[in-house]
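One structure is given below, encoded as structure tokens.
The values are calculated or read from the model by the stated rules, or taken from the named source; none is laboratory data. If you're wondering where the values come from, they're calculated on a predicted model, not measured in any experiment. Here the Cβ positions follow ideal geometry from the backbone for every residue, glycine too, while neighbour counts run over all protein chains shown. SASA here: full protein model, heavy atoms, side chains in, ligands and nucleic acids out. Shrake-Rupley method; radii C 1.70, N 1.55, O 1.52, S 1.80 Å.
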Amino acid sequence: MSIDIKTANIEPVRLTFDHLEARIGKGKSATRYQEAVHDFQMTQNFHYRPTWEPEMELFDVRRTKIQLDDFDALTDPRQYYYGPYTIQRAKQQDNADSNFALIEKRKLFATMSGEWTDKIRRLIVPLRHVEWGANTNNTYLSGYGYGAPFTSAALMHAMDRLGIAQYLTRLALAVNGQDPVILDEGKALWLDDPLWQPLRRLVEDAMVQKDWFELHVLQNLLQDSQLVPLAFVHFDEAVGATGNVAFTLGTEFMREWFNESSRWVDATIKTASSAKPENRQLLNDWVALWWPRVQEAVAPLVLAAFGAEASAVSGALTAALNLRLGKLGLEAVA
Amino acid sequence: MAEKKLGLKEKYQLMTRGLDWETTYQPMDKVFPYDKYEGIKIKDWDKWEDPFRLTMDAYWKYQAEKERKLYAILDSFSQNNGQLNISDARYLTALKIWMQGITPAEYNSHRGFCMVGRQFRGAGARVACQMQALDELRHAQTQIHAFSHYNKHFGGFHQAMHMRDRAWYLSIPKSFFEDAMTAGPFEFVTSISFAFEYVLTNLLFMPFVSGAAYNGDMATTTFGFSAQSDESRHMTLGLEVVKFVLEQHEDNVPIMQRYIDKWFWRGYRLLALVGVMMDYMLPRKVMSWAEAWGIYWEENGTALFNDLARYGIKPPKYHEIATAEKNHITHQAWAVFYTACPATGFHAWLPQEYELDWLSEKYGSTFDRYYRPRFAEFARIEREGGRFYTNRLPLVCQTCQVPDFFTEVDNPMKQSIRQYEWQGMKYNFCSDGCRDIFAHEPEKFCQAYIPPQQIYQGNAGGARTLPEYAAWLKCEFGKDSGEYYTSEDYARWKAMHGGNDTTPSSAAA
Ligand SMILES: [Fe+2]
Ligand SMILES: [Fe+2]
């Protein structure tokens with residue numbers, strides 16, 4: 001059916017929903033991002049207390065010590081809702097697919113020196129489990145955090161970590177001629193090798209943290225700021241310096257993802273830190289509390305990867321974190 | 001070295017399952033504190049068969065393709081004023097209830113799956129739940145985007161997010177999903193993935209999406225069909241969960257039976273909203289509620305429970321009552337909506353002549369005898385210039401929160417009311433099913449937020465009358481609520497169509 005009518009009769013009577021008008025002002029149109037995230041989480045008149053945590057409401061601001069008048073202020077500068085998120089990741093997976101195809105076609109890992117493939121086995125493959133821990137922790141943020149803008153982005157972040165764990169699996173299989181024994185060896189290192197134990201202890205300790213914002217700072221800011229660039233920037237540069245591009249091709253996603261998702265991490269922490277002095281104090285306390293643990297966990301890996309140059313790499317990693325902390329209005333770490 | 005070729009299943013398992021480990025610096029029971037207290041015993045999480053077998057990159061790829069297509073259609077829908085193509089603006093009542101009640105439920109489902117996606121100690125189960133969590137986020141978001149255009153032209157949508165936590169009839173889906181989310185993780189997946197998605201979802205999606213298609217609503221048809229392909233994955237998860245748990249330990253059988261009984265009944269009561277949509281809100285009819293119940297429950301449900309009998313699972317308790325009620329509940333519900341619509345965010349109306357005939361045909365055993373006369377009486381009042389509205393909210397059931405319009409199955413003239421006394425308080429229920437649910441968890445269900453009681457206690461902004469209550473819900477009479485044929489929606493709809501009333505004169509599309 002097609003109808004020819006005067007446009008006067010189909011003028012909109014309003015531009016957006018009341019709950020968005022209250023945020024953006026009258027007479028304005030909301031973006032699809034705003035429609036997709038704001039006020040989705042229920043805030044009141046809950047029917048029943050959780051049987052798994054009866055002292056709290058189903059959604060409860062008391063699950064973190066961070067205080068915000070409006071938790072919907074924790075928006076994502078990438079403006080990801082489901083559509084743009086999956087479309088962006090689909091493009092990246094296309095690219096990753098062709099990178100892995102190239103690695104296999106040219107047999108690039110077969111021409112890599114044993115020294116470097118050994119280092120990948122010892123220092124990179126066990127990171128699969130670190131990513132799995134990051135998936136676990138971000139899923140916690142998505143379930144028990146407060147406000148749809150934050151929790152929806154946390155779920156995407158969790159799925160990204162699962163994706164990275166799977167890309168690392170593909171990389172490991174490519175290194176080992178598709179023989180999955182390399183995965184078992186990596187897991188054995190993760191479970192028993194003294195090199196990995198401080199990190200595994202940190203990851204397991206993180207998994208039992210109850211305050212979701214503290215966990216966000218520990219996992220997504222502190223731990224990631226060291227491990228992700230260590231493995232996928234500094235280590236990658238060192239492998240790349242030998243002239244073999246296999247590792248670079250297999251980890252392109254991780255570098256892109258880190259630069260992109262750090263914008264979300266920083267924006268959420270900055271919003272919390274600038275909202276109230278108490279928040280800033282709390283964030284500084286958390287950074288101070290967890291930084292020595294992160295350092296303790298990462299230092300042996302830096303040393304194993306870089307030997308004599310370890311302290312230069314550590315210095316660069318710390319400096320990059322301090323640059324971010326400064327922009328977030330937080331105190332530097334030593 | 002010769003390259004080993006991995007099968008798809010083996011590859012997927014390596015990609016996901018080898019990732020987790022038995023923690024030692026923190027005890028597993030502290031890392032996963034919530035997956036034992038229900039009493040469900042899992043001997044071997046590795047027996048979990050991943051129903052999706054989707055790696056993240058495959059997920060991104062498939063889902064992005066679907067999103068591109070969906071948003072292309074939504075964009076053209078709003079650019080071309082697709083709302084003009086719907087059958088009749090009465091149809092919008094179905095969409096308004098969807099946006100007010102079901103879209104928030106999609107969101108709650110998303111958060112619930114985030115929670116259980118963290119709670120299960122089995123890696124395969126956790127990943128399956130996380131993917132569903134992401135799918136459910138998709139459903140909530142694509143729905144608000146589809147409804148966004150309607151909101152620009154019609155009432156009832158703009159205040160949906162405000163009403164969602166407050167309105168009496170929206171307490172039905174709200175309490176349903178909150179009940180599931182506040183339960184343990186096994187009960188949550190049994191309720192949502194099995195009882196709701198596997199057993200009952202066809203009753204929700206099929207009529208709704210086909211109803212949208214029959215009534216010319218391209219936006220809803222598109223998001224509905226797009227969501228249905230996610231839905232088939234979710235149904236697989238629902239069946240997998242139940243079979244996995246039942247196979248793990250015989251002690252799990254009675255617990256699962258109770259979950260199935262409870263959530264079948266709660267789901268069935270929630271679907272009364274869908275039934276009334278099919279029979280009364282769609283100007284072009286798809287099929288009747290009774291027909292849908294016959295196909296999707298009486299036939300398919302029986303087959304399913306025959307299959308589950310080998311695990312010692314019986315068909316859900318009181319399913320015969322649900323079947324016996326199928327020729328009654330939608331007519332009773334519409335009478336409530338017709339008379340109480342000033343206290344809602346939608347419009348109601350008397351069925352047109354062609355609709356009354358259709359109902360008589362579909363409900364030969366009951367409609368002419370019990371319900372058509374009731375509508376005839378309302379019509380007489382309208383002819384005399386009146387409009388019958390109730391002046392107080394109906395009593396609602398303590399468990400399902402549906403207004404108690406139900407009648408005894410052996411006597412359609414007698415209201416079905418059950419009571420249960422607990423700690424010196426009397427609670428009212430619509431049925432034995434709802435009373436049993438309460439009796440098993442009284443300390444949970446006594447907490448329920450019951451909107452009519454809240455009003456009497458002054459907790460609805462001090463509202464004393466239904467119009468005051470509606471104002472507290474941000475629903476304006478004539479704009480968002482009340483009779484359709486005197487509403488602004490109807491006037492605007494006619495203006496959009498050159499002053500013509502487009503009310504159909506037949507049920508066929
Ligand atoms: Fe859904
Ligand atoms: Fe009930």
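Any idea which of B:327, B:300, B:252, B:306 is away from ligand 2 (no atom under 16 Å from the Cβ) and either open to solvent by less than 30 Å² (accessible area, probe 1.4 Å) or of a type in the set (Ser, Thr, Tyr) (or both)? From the options B:327, B:300, B:252, B:306, the qualifying one is B:252.
Taken over the stretch A:292-332, the criterion of being farther than 19 Å from residue A:231 by Cβ, open to solvent by 20 Å² or more (accessible area, probe 1.4 Å) and touching a residue at least 24 places away in the same chain (Cβ under 8 Å) is satisfied by A:327, A:329, A:331. Does the stretch A:199-208 contain any residue that is under 30 Å from residue B:141 (Cα atoms) and assigned to a helix (DSSP H, G or I)? Checking the stretch A:199-208: at least one residue is under 30 Å from residue B:141 (Cα atoms) and assigned to a helix (DSSP H, G or I).
For the stretch B:45-77, which positions are modelled with pLDDT of 95 or more and more than 30 Å from residue A:254 (Cβ to Cβ)? Passing the criteria: B:72, B:73, B:74, B:75, B:76, B:77.
Apart from one condition, residue A:200 fits all of (1) open to solvent by 20 Å² or more (accessible area, probe 1.4 Å); (2) among the basic types (Lys, Arg); (3) farther than 22 Å from residue B:134 by Cβ; the exception is (1). All conditions in (1) open to solvent by less than 60 Å² (accessible area, probe 1.4 Å); (2) farther than 21 Å from residue B:407 by Cβ hold for residue B:351, with the sole exception of (2). For the stretch A:224-251, the set of residues classified as out of contact with any helix residue (DSSP H, G or I) (no Cβ under 6 Å at 6 or more places or on another chain) and open to solvent by 30 Å² or more (accessible area, probe 1.4 Å) consists of A:233, A:237, A:241, A:242, A:243, A:245, listed by residue number. Restricting A:154, A:174 to those that are in contact (Cβ under 8 Å) with a residue 12 or more places away in the chain, surrounded by fewer than 24 Cβ atoms within 10 Å (Cβ to Cβ) and facing chain B (nearest Cβ under 10 Å) reduces the list to A:174. Mind counting the residues in the stretch A:78-131 that are part of a helix (DSSP H, G or I), over 25 Å from residue B:60 (Cβ atoms) and either at pLDDT below 95 or open to solvent by 50 Å² or more (accessible area, probe 1.4 Å) (or both)? Qualifying residue count, the stretch A:78-131: 4. If you go through the stretch B:206-240 and keep only what is open to solvent by 10 Å² or more (accessible area, probe 1.4 Å) and of a type in the set (A, V, I, L, M), you end up with B:206, B:213, B:218, B:235, B:239.
Rundown of residues vs (1) away from ligand 2 (no atom under 16 Å from the Cβ); (2) closer than 24 Å to residue A:149 by Cα; (3) surrounded by fewer than 23 Cβ atoms within 10 Å (Cβ to Cβ); (4) over 14 Å from the mean Cα position of the chain (by Cα), yes/no style:
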site	(1), (2), (3), (4)
B:101	yes, yes, no, no
B:109	yes, yes, no, no
B:123	yes, no, yes, yes
B:130	yes, yes, no, yes
B:155	yes, no, no, yes
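Considering every residue within the stretch B:434-442, establish whether at least one is within 14 Å of chain A (Cβ to nearest Cβ) and more than 25 Å from the chain's Cα centre (by Cα). Checked against the condition, which is being within 14 Å of chain A (Cβ to nearest Cβ) and more than 25 Å from the chain's Cα centre (by Cα), the stretch B:434-442 yields no hits at all. Of B:449, B:420, all but one fail to be within 16 Å of ligand 2 (Cβ to nearest atom), assigned to a loop (DSSP other than H, G, I, E, B) and open to solvent by 10 Å² or more (accessible area, probe 1.4 Å); the exception is B:449.
Looking only at residues in the stretch B:429-446 that are more than 12 Å from ligand 2 (Cβ to nearest atom) and in a loop (DSSP other than H, G, I, E, B), the one that is surrounded by the most Cβ atoms within 10 Å (Cβ to Cβ) is B:441. For residues that are over 18 Å from residue A:144 (Cβ atoms) and open to solvent by 80 Å² or more (accessible area, probe 1.4 Å), scanning just the stretch B:30-48, find the one that is nearest to the other protein chains (Cβ to nearest Cβ). Selected residue: B:36.
Here residue B:409 does not qualify as at pLDDT below 95, within 14 Å of chain A (Cβ to nearest Cβ) and within 16 Å of ligand 2 (Cβ to nearest atom). Among the residues making up the stretch B:135-147, those that are within 7 Å of chain A (Cβ to nearest Cβ), in contact (Cβ under 8 Å) with a residue 40 or more places away in the chain and not charged (D, E, K, R) are B:144, B:145. Take the conditions at pLDDT 95 or above, buried (at least 24 other Cβ atoms within 10 Å of the Cβ), part of a helix (DSSP H, G or I) and at the interface with chain A (Cβ under 10 Å from one of its Cβ atoms) and apply them to residue B:96. Does it pass? Considered against the rule, which asks whether it is at pLDDT 95 or above, buried (at least 24 other Cβ atoms within 10 Å of the Cβ), part of a helix (DSSP H, G or I) and at the interface with chain A (Cβ under 10 Å from one of its Cβ atoms), residue B:96 comes out as no.
The residue that is farthest from residue B:173 (Cα to Cα), counting only those in the stretch B:88-137 that are out of contact with any Ser or Thr (no Cβ under 6 Å at 6 or more places or on another chain) and of a type in the set (D, E, K, R), is B:121.
In the stretch B:377-395, the count of residues that are touching a residue at least 40 places away in the same chain (Cβ under 8 Å), within 25 Å of residue B:174 (Cβ to Cβ), within 14 Å of chain A (Cβ to nearest Cβ) and among the aliphatic types (A, V, I, L, M) is zero. Please verify whether the stretch B:396-417 includes one or more residues that are within 23 Å of the chain's Cα centre (by Cα), touching a residue at least 12 places away in the same chain (Cβ under 8 Å) and open to solvent by 50 Å² or more (accessible area, probe 1.4 Å). Looking for residues that are within 23 Å of the chain's Cα centre (by Cα), touching a residue at least 12 places away in the same chain (Cβ under 8 Å) and open to solvent by 50 Å² or more (accessible area, probe 1.4 Å), one finds none in the stretch B:396-417, hence no. Scoring residue A:5 on the criteria (1) facing chain B (nearest Cβ under 7 Å); (2) at pLDDT 95 or above leaves a single failure, condition (2). Answer with yes or no whether residue B:438 is more than 16 Å from ligand 1 (Cβ to nearest atom), touching a residue at least 12 places away in the same chain (Cβ under 8 Å) and touching a helix residue (DSSP H, G or I) at 6+ places or on another chain (Cβ under 6 Å). So residue B:438 passes the test.
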